[in-house]
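To keep things clear, I will list the structure first and then write my remarks on it.
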Amino acid sequence: MHTGKGSLVLRNGRRLPLTFQFGRNYDETRAGHLLCDTSALDPALLQDRLHVVCDDGTAIVVAVMHSSDRHLAVTGRVLAAAA
């Protein structure tokens, strides 16, 4: 399990702080959970591809598979890594 902190970037540019928990890394593919407070969001904001920016600089485009007010189950792929 790979864990860390970062932010969820919504399509309107808003950033939400989060803690991520990803299972094994399969090349550039990631799957896991984003722990963040989504209770004040319009659920429509979660239907588009979202971006996770990790504190180490890694950017991941994610699709939400399941959501609640406190976590998102996601799958995605790495866009860039920190140099």
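Please specify each residue of segment 1-48 satisfying the condition of being closer than 16 Å to ARG77 by Cα and under 10 Å from the mean Cα position of the chain (by Cα).
Within segment 1-48, GLY6, SER7, LEU8, VAL9, PHE20, GLN21, PHE22, ARG30, ALA31, GLY32, HIS33, LEU34 meet the criteria.
Only one residue in LEU41, LEU8 is among the hydrophobic types (A, V, I, L, M, F, W, C) and not in a loop (DSSP other than H, G, I, E, B), so which one is that?
LEU8
Given the structure, is VAL61 β-branched (Val, Ile, Thr), within 12 Å of the chain's Cα centre (by Cα), at pLDDT 90 or above and more than 20 Å from MET1 (Cβ to Cβ)? Can you show your working first?
Working: β-branched (Val, Ile, Thr): yes; within 12 Å of the chain's Cα centre (by Cα): yes; at pLDDT 90 or above: yes; more than 20 Å from MET1 (Cβ to Cβ): yes.
Yes; evaluated as a whole, the condition is true for this residue.
As an exercise: evaluate GLY76 against (1) over 17 Å from HIS2 (Cα atoms); (2) in a strand (DSSP E or B) and give the number of the one condition it does not meet.
The one condition GLY76 does not meet is (1).
The values are calculated or read from the model by the stated rules, or taken from the named source; none is laboratory data. Remember, it's a predicted structure, so these values are computed and weren't measured experimentally. Note that each Cβ is placed from the backbone with ideal geometry, even for glycine, and that neighbours are counted across all protein chains shown.
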